[in-house]
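Visitor: Pasting in a structure now, in structure tokens, and then I'll have a few things to ask.
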Amino acid sequence: MDAPGEKLNRQEIWRRLKSGDFSIKPDAKVIRTGIAELDEIFSDGVKPGRLIEWGLPQGRNGRILPILFLRKEIPLTIWIYADLGLDIYAPAWASHGIDLRRIFFVKCNDPVKKLKPIFLDNTFKVIIIDSPKKFSKGDISFISVQARINKQIIFLIRNYFLSPRIGNPFAHIRVNCSRNDRGIYSVNFIKGKNPKRLLLSSSRFFNE
Amino acid sequence: MNNAGIAKVIDLKTFSMDETCPYFGAFYCEMEKAGKDIFSLTPRVMQWDENIWLFDLSPCRNFWAIQKEKKGKNLYELLEQILDASSGKGYLSVFGNHPWQCLLFIDFLLKKRSRGVFPLNTLLNRRIYEGLSWDHWFEPLEILSDHLNHLKVKGFKESQFRSKQAQLKRFIRRMDLLGPFDLSQADVASIERRFSGWLGEIWAWTFHGFLEDEKKTPDLFNSSENQIDLGSFPWIPFRIEDPPRAMRHLEYPVNRWDVIEPLLVEDFSKLCAMKSWSEQERVSSIVWAITLYNLEELKLELSFRNPYSLHLDSRNNFKTALYQAYYAYMGLADRLKARDTDLDLPEEIPFVSWKVEISECLYISPQTMELINDNSGPNYEGILDLQNKIPLHIESYVVVPDFTADLSFRSHEVGRNDSEYDFSLNQWIEASFNRPFFYYRNPLPITSPLELKPKFLERTSNDWWTGENLMDMTKDYFLVEDREGRFIWVFRDGSGVWYKHGIYS
């Protein structure tokens, strides 16, 4: 059963696939964290049309990393988070430089089924899908194609560490991040241009 | 003469404590026959008596809040202009957070022969409301009783209602009480016990949002839900006689969305072609009444969080309305599948006919249209449009100055965020630097985590002067790493009880 509008978009996808109109312009805006080591390692990887997959288990404070990408000249952004019993604590986001006027949130466990219009539309330039409870391989394929059509950046956050043994051909970068008890953040690239490991002190993000 | 540089004198009539849109209004106007103008502020209207109307603004709160910001006006100034354009002069309108409060205040103002717009959240009007006499409280009870009788509300007996009123009047005389607020300290349960459940509930309506303890614990998320529980208040919707509707008798039973979709597009086009309504009108609800193959009739509501123009949506092949219809259809299919597993029917019971009817519509006359600026930035219009297309609420937040961690922000209507950045909030924002991005709205009690060597973060204090227990004054926040290696945000209250308040995600 097709959702309204899907047929048209499939046609549009095929038209673009045939015409090869999928290229991202070289001047497409790359978003950066403002932390030199991180920006160097991400290179120009976080730019419109890209899908970045993050392995960020709850409680390891790893979400600071995708949030860092949103604090400078934040484009209109939507953060879709699963219902894990938690709600957004907005002042903490603002304190890390997020402009609350330009970021919106939706609580949803099954984003592609329930929020399809968001992916079919280019209103939001950055879409973060945080720990979806239902997310199939077909869904990943759909969002990666839509990201290219609409020139959006999509962050797919998993509530577990990503394994190099199970790949994701649609993601341009796959990265795990967590904080240890000594306050050191470990950023571990599984897939990307410069796959390597980076250690950062939490004092770079927090008053510790 | 250029007025730009002239300082504006504070108008006590509209000097508000806050600028949030009210939930309800009472409107007095002498008119021979109610027309569409009565729906100028909201599609939800009730006729209280011959000349008094009640407005439920909840479907349009976001709409008016956005219009106010676009025009850079005081909200009530804008509402007054809309009412002037739709009803002319000579009306009286009161806005508040419960229809009963609006009715009490409008009764008082009518006796004073006042005219114009009176918000109940201004300091002046709050003081006047708190000083209302018993006469103003008892007077609307007559009509309330008529409405409850008309609705045949279960458990309501007019004779008993009157006798309990008489009992309350005797009590007031004996105690020499001047007005309802002299009894504001009485709790609802004791009023219910002594003077019946009905008078107890009406009693609670009178003070809703006015008492100190209610002010202390605002519902952060109320504004996003845009609803207030009316309890047993007898709301009788006023409808225009002939709303735009399209009937469809299917030539053969259908149950597939790809067959239903083009037929719905035809029906929506039919609705738009009707002369009984115009392009300016904004739809907030459409009823899709379906007759199933077994002749069972079911009503599905396609509701739109932001009133929108179906006529304009026709240029987009009715995508927004179709999304809402699709979600309603999917919900119905799931319900029917779960219910009718034992019937010898196709997997989903097919439809044989349906009716599509515009059930709630905000009327925007050409005069009102001039007051509403529709040329907003494309981004926020896009978000409002998306909000109408999805079944879930899009959340937006603002930081507010408050020492208590969980009261230092609130939900905010989408589309209102285009204002200037408020630099005065910087110190409050800085205070949240070591707090987590996700938190538990209701903190969870936990056993003492002292053995896990919690790291002290900060001490917060609440408005101690509003509470009774001074032990609740402070909270000490800590960062704890639990046995699974997760970082948790916990606090210890004044009495030494520990709570988990968030997770460093």
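Visitor: Which of the residues that make up region B:243-258 are within 14 Å of chain A (Cβ to nearest Cβ), of a type outside the set (K, R) and free of Cβ contacts under 8 Å to residues at least 40 places away in the same chain?
Guide: Within region B:243-258, B:D258 is the sole residue that qualifies.
Visitor: Name every residue in region A:95-128 that is over 17 Å from the mean Cα position of the chain (by Cα), within 8 Å of chain B (Cβ to nearest Cβ) and either farther than 24 Å from B:E381 by Cα or among the β-branched types (V, I, T) (or both), in order of residue number.
Guide: Passing the criteria: A:S95, A:H96.
Visitor: Looking at the structure I just gave you, is B:S303 under 30 Å from B:L79 (Cβ atoms), small (G, A, S) and away from chain A (no Cβ under 14 Å)?
Guide: Here the answer is yes, as B:S303 does meet what is asked.
The rows are residues; the columns are (1) facing chain A (nearest Cβ under 9 Å); (2) surrounded by fewer than 20 Cβ atoms within 10 Å (Cβ to Cβ); (3) charged (D, E, K, R); (4) assigned to a loop (DSSP other than H, G, I, E, B).
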| site | (1), (2), (3), (4) |
| --- | --- |
| B:Y440 | yes, yes, no, no |
| B:P445 | no, yes, no, no |
| B:F456 | no, yes, no, no |
| B:K475 | no, no, yes, no |
| B:G485 | yes, yes, no, yes |
| B:G496 | no, yes, no, yes |
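Visitor: I would also like to ask the following. Specify which of the listed residues (B:F27, B:F55, B:F63, B:F95) is touching a strand residue (DSSP E or B) at 6+ places or on another chain (Cβ under 7 Å), without any contact (Cβ under 8 Å) to a residue 60 or more places away in the chain and either farther than 27 Å from B:I128 by Cβ or not basic (K, R) (or both).
Guide: Just one listed residue meets the conditions, B:F55.
Visitor: With the requirement that a residue be at pLDDT 80 or above and either open to solvent by 30 Å² or more (accessible area, probe 1.4 Å) or within 14 Å of another protein chain (Cβ to nearest Cβ) (or both), what does region A:197-208 give you?
Guide: Those that are at pLDDT 80 or above and either open to solvent by 30 Å² or more (accessible area, probe 1.4 Å) or within 14 Å of another protein chain (Cβ to nearest Cβ) (or both): A:R197, A:L199, A:S201.
Visitor: Considering only residues of region A:129-146 that are over 25 Å from B:Q324 (Cβ atoms) and within 14 Å of chain B (Cβ to nearest Cβ), which is farthest from the chain's Cα centre (by Cα)?
Guide: A:S131
Visitor: Now for a different question. Conditions first: (1) without any contact (Cβ under 8 Å) to a residue 60 or more places away in the chain; (2) open to solvent by 20 Å² or more (accessible area, probe 1.4 Å). B:Y326 passes all but one, so which condition is the exception?
Guide: Going through the list (1) without any contact (Cβ under 8 Å) to a residue 60 or more places away in the chain; (2) open to solvent by 20 Å² or more (accessible area, probe 1.4 Å), B:Y326 breaks only (1).
Visitor: Right, here's the next one. Just to be sure before I move on: is A:I74 within 27 Å of A:D121 (Cβ to Cβ), modelled with pLDDT under 90 and within 13 Å of another protein chain (Cβ to nearest Cβ) in the structure I sent?
Guide: yes
Visitor: Report, by residue number, each residue of region B:388-406 that is at the interface with chain A (Cβ under 7 Å from one of its Cβ atoms), more than 19 Å from the chain's Cα centre (by Cα) and either open to solvent by 30 Å² or more (accessible area, probe 1.4 Å) or under 16 Å from A:R101 (Cα atoms) (or both).
Guide: B:V399
Visitor: Say whether the condition of being in a helix (DSSP H, G or I), within 12 Å of chain B (Cβ to nearest Cβ) and more than 23 Å from B:N442 (Cβ to Cβ) is met by at least one residue in region A:53-65.
Guide: Yes, region A:53-65 contains at least one residue that is in a helix (DSSP H, G or I), within 12 Å of chain B (Cβ to nearest Cβ) and more than 23 Å from B:N442 (Cβ to Cβ).
Visitor: Out of (1) open to solvent by less than 30 Å² (accessible area, probe 1.4 Å); (2) at pLDDT below 80, the odd one out for B:L211 is which?
Guide: Unmet condition: (1).
Visitor: Let me ask you something else. Is it the case, given these coordinates, that A:I173 is under 12 Å from A:I52 (Cβ atoms), open to solvent by less than 50 Å² (accessible area, probe 1.4 Å), of a type outside the set (F, W, Y) and within 14 Å of chain B (Cβ to nearest Cβ)?
Guide: Criteria not met by A:I173.
Visitor: In region B:66-86, what residues are small (G, A, S), surrounded by fewer than 19 Cβ atoms within 10 Å (Cβ to Cβ) and either modelled with pLDDT under 85 or over 17 Å from B:D37 (Cα atoms) (or both)?
Guide: B:G72
Visitor: Only residues in region B:259-283 that are at pLDDT below 90 count as the first member; pair them with residues that are open to solvent by 50 Å² or more (accessible area, probe 1.4 Å), Cβ under 8 angstrom, at least 6 apart or cross-chain, and list the lot.
Guide: If the second residue must be open to solvent by 50 Å² or more (accessible area, probe 1.4 Å), the pairs left are B:S276/B:D242; B:E279/B:L312; B:Q280/B:P366; B:Q280/B:M369.
Visitor: Determine which member of the set B:P350, B:P253, B:P307 is crowded, with 16+ Cβ neighbours inside 10 Å, in contact with a strand residue (DSSP E or B) (Cβ under 9 Å, 6 or more places away or on another chain) and over 26 Å from B:I383 (Cβ atoms).
Guide: Of the residues listed, the single one that is crowded, with 16+ Cβ neighbours inside 10 Å, in contact with a strand residue (DSSP E or B) (Cβ under 9 Å, 6 or more places away or on another chain) and over 26 Å from B:I383 (Cβ atoms) is B:P350.
The values are calculated or read from the model by the stated rules, or taken from the named source; none is laboratory data. What you see is a predicted model; the values in this text were computed from it and never measured. So basically every Cβ, Gly included, is an ideal-geometry build from the backbone, and we count neighbours across all protein chains shown. The accessibility values were calculated without ligands, DNA or RNA, using every heavy atom of the protein model including side chains. Shrake-Rupley method; radii C 1.70, N 1.55, O 1.52, S 1.80 Å.
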